[in-house]
Amino acid sequence: MSDTALLKEDLVPVTSTENVSAQQNSSKELVKDIEQHSSWSVASRLPVTVSTEIPLNVIKVQELLMLTTGQVFLSKWSDTEDVPLVINCMSLGWGEFEVVEQQLGIRLTRLA
């Protein structure tokens, strides 16, 4: 791999199931190339924040001002749909919520 930055186009999800194997092989080669880059030892230790965002129903300012403790915000998200996982505004994949030892987590179900 050259000294160019990883492009967003390199992370476009594959929609065809017949291309999944080719994508996995390509991803493994890309990881090998990245790990051999002279900056990898420093870059691999950089922290990144993984986040998810679930859109909630729109409320009016008047309703916002009348909020009280205990009110529940409904979302348009189905409880059976996986939630998007994002790293620095870039799609990482999808996951499902899971409780582990009284902490809320997200199990990765598929990569973008």
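Listed here are the residues, each with its yes/no results for (1) modelled with pLDDT of 95 or more; (2) within 25 Å of residue 28 (Cα to Cα); (3) assigned by TED's automatic domain parsing to the domain that holds residue 28; (4) not in a loop (DSSP other than H, G, I, E, B).
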{"residue": "54", "(1), (2), (3), (4)": "no, no, no, no"}
{"residue": "68", "(1), (2), (3), (4)": "no, no, no, no"}
{"residue": "71", "(1), (2), (3), (4)": "no, no, no, no"}
{"residue": "80", "(1), (2), (3), (4)": "no, no, no, no"}
{"residue": "84", "(1), (2), (3), (4)": "no, yes, no, yes"}
{"residue": "91", "(1), (2), (3), (4)": "no, yes, no, yes"}
{"residue": "95", "(1), (2), (3), (4)": "no, yes, no, yes"}
{"residue": "98", "(1), (2), (3), (4)": "no, no, no, yes"}
{"residue": "106", "(1), (2), (3), (4)": "no, yes, no, yes"}
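Output the residues belonging to the range 93-112 that are of a type in the set (S, T, N, Q) and loosely packed, with under 10 Cβ neighbours inside 10 Å. Those that are of a type in the set (S, T, N, Q) and loosely packed, with under 10 Cβ neighbours inside 10 Å: 102, 103.
When restricted to residues that are within 20 Å of residue 105 (Cβ to Cβ), over 17 Å from the mean Cα position of the chain (by Cα), of a type outside the set (Gly, Ala, Ser) and surrounded by 10 or more Cβ atoms within 10 Å (Cβ to Cβ), the range 64-90 contains 0.
Can you name every residue in the range 29-52 that is loosely packed, with under 10 Cβ neighbours inside 10 Å and under 27 Å from residue 105 (Cβ atoms)? Residues satisfying the conditions are 45, 46, 47, 48, 49.
The values are calculated or read from the model by the stated rules, or taken from the named source; none is laboratory data. The shown structure was predicted, so the numbers you read here are calculated from the model rather than taken from an experiment. Please note: Cβ atoms are built from the backbone with ideal geometry, for glycine as well, and neighbour counts cover all protein chains shown.
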